[in-house]
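Throughout, read-outs are computed from the coordinates displayed, never taken from laboratory work. Because the structure is predicted, anything quoted here is derived from the model rather than measured. When we count neighbours, we look across all protein chains shown, and the Cβ atoms used for this are built from the backbone with ideal geometry, even at glycine.
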Amino acid sequence: MDKLVSASEAVSVIEDGMTVGIGGWGPRRKPMALVRELLRSRVKDLTVIAYGGADVGLLCAAGKVRKVIFAFVSLDFMPLEPAFRKARESGAIEVMEIDEGMLLLGLRAGAWGCPFIPTRIGLGTDVLKNATDLALIDSPYDEKEWVAMPALKPDVSLVHATRADVRGVCEIASPDHYMDDLFVRASGHSIVSVDEMVPSDYFYDAEVSRRVFWERNCTQAVVHEPGGAHPSSSDPLYGFDIKHFKQYGELLSDGGYSAWAEAFLGDSESSYQSAVGGLEAIQSLPLPVY
Amino acid sequence: MRFSLAELMVCAASHIFEDDGEVLVTGIGLLPRLAASLAMRTSNTDILMTDSQSYVLSQPNPVSGLKSHQGQANENWMGFARIFDNVWSGRRHALVGPSQIDRFGQSNISALGGTHQAPKVQLLGVRGFPGNSISHANSFFVPSHSRRVFVEGECDVVCSVGYNNDRLPRGYSFSDIDVRAVVTNLCVLDFNGPNKQMRVVSLHPGVGLEEVQDNTGFDLAVSAEITQTTIPSEQQLDLLNELDPLDARARQLKNNPAGIRQAEEAES
């Protein structure tokens, strides 16, 4: 089965009001080319679930988002993501603010078909006060109270992998696949952008096939986007673009979304890449060192 | 022997892991990470530490000057999903720097002021604080001991559980919660006062008890055995040079104050 499609074809399945899961972590391996395609679309009123970075910031700034389910939105070296910060402080978006691990459990419940997973996380904190849809339950086995973390089930998930074949066998060669496997498994439809397309026999190598974290029947669409994680990293191919993130921060803080979009978004990924210095420049960004 | 306040704080913080045994120690921020690294090289060599990316290391990486993760002393892969397996097992001690801490030992990194729908200042979000605090030991690192950090009431957003009867989950007691120590630019505190009240354990050289209390928004207990914070040894300072070869620690506190206050005043 050939699942290779263009970015615009891939994201055209996303409709107003849908819940969209986005893989990666902060400024690391975000499916930014797919996010940019969403920014170019007319879609709105999305609920976004993410370990957030510029993906969440841009979608909020562009007015695409009704609700964000998050534990943090951060660019690591810039701890506070400027566009998300603005959206929050203006009260423009609804949020479900939960612990990083609760997000993992919610996706796992979604993937496993459980309505919830019991956890201690959140007890005693304002997470329970603020996320009013979180229920406390009794355990049949002890006298303690437990948080019932509800299943999170994105209608569509977007993730960025290193390589894939046209059938949707995806390799993540980065040091960490984060919760991308859970996003893919929890959602009804997964779109994977990749830096490189490979023939199926690439995966015959046992070491390579260990870097495949979900089965191809969880992948519905593959989009070939070299440099598509920019300005986030796609380790081991390229690092995140600190210089661009600084510009991004200034534009979104001072001029807002339209200033950023006019400077960079363009009408296609190739025009975006020209605006940020070209694919070669992206591919030569040094890997982050922590 | 000269040493900076940052070095004094790092060395003091390195002692809080002494009796932890084989736990994963996570220091968030340069100075806390340096403290954890120093502990792993001195007071508790059984500590586990990560490369802040995806591997557990047998020897800590330097906090400055690292060019690449290639060639580091990997012990096992540990991606973020697997970090939670460790966190929820309780075998971890985190040293973190919250924006607010209250008298219960609750802390805040999420947002300041306003409402939940529209906070006055959006910070990071709760991150992993709720899960960390209900699962394992946590200590705090405070570069600027003030009433802005040690707030009078409860934290604006309670991100981590503390010793607060009103919020204690059903079936839980204070012995299920482990808020261990606070290292600030003025002193070291723990929570071993009456009813887990925050308590001054040691004062940094040249700091008086009154100054600590004046800069704290709630009443502190004082240890009967209150001491002066132990000053860094030559061995510790040598190791700090090795773990932080570019002296990034000198750029963490405003004006990089001296470790012994009189010296600082004499200079300025």
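To one decimal place, what orientation-averaged projected area in nm² is obtained for the convex hull of the Cα set of chain A? Could you put the intermediate results ahead of the total?
Details: hull surface 62.3 nm².
With every direction weighted equally, the projected area is 15.6 nm².
Report relative contact order for chain A in percent, whole number only (criteria: Cα-Cα under 8 Å, sequence separation at least 6). Worked out over chain A, it gives 20 percent. Here, P(r) means the percent of Cα pairs in each 10 Å bin from 0 to the largest distance; for the stretch A:1-129 it is 12, 40, 35, 11, 1.
Here the alpha carbons of chain B define both size measures, Rg and Dmax, at 18.3, 55 Å.
In this calculation the C-beta distance from B:Arg251 to A:Ser200 is compared with R0 = 56 Å, giving a FRET efficiency of 0.65. Its Cα gyration tensor gives the stretch B:60-216 an equivalent ellipsoid; the semi-axes, largest first and in whole Å, are 27, 21, 18.
Shape class of the protein assembly as shown from the Cα gyration tensor (axes a ≥ b ≥ c, square roots of the eigenvalues): prolate, since a/c reaches 1.5 or more and a/b is larger than b/c.
Label sites at A:Asp133 and B:Asp19, each approximated as a point 7 angstrom past Cα along Cα to Cβ, lie 4.6 nm apart. The base-10 log of I(q)/I(0) for the stretch A:183-290, evaluated at q = 0.13 Å⁻¹, reads -0.64 [Debye formula, identical scatterers on Cα atoms, solvent excluded].
What is the stretch A:1-148's relative contact order, in percent, from Cα pairs under 8 angstrom and six or more apart in sequence?
16 percent
Charge tally around B:Val56: other residues with Cβ under 11 Å, Lys/Arg +1 each, Asp/Glu -1 each, net -1. Rounded to the nearest whole Hz, the Karplus-based 3J(HN,Hα) values (6.51 cos²θ - 1.76 cosθ + 1.60, θ = phi - 60°) of the stretch A:16-22 follow the sequence 3, x, 6, 9, 10, x, 10, with x at glycine and proline.
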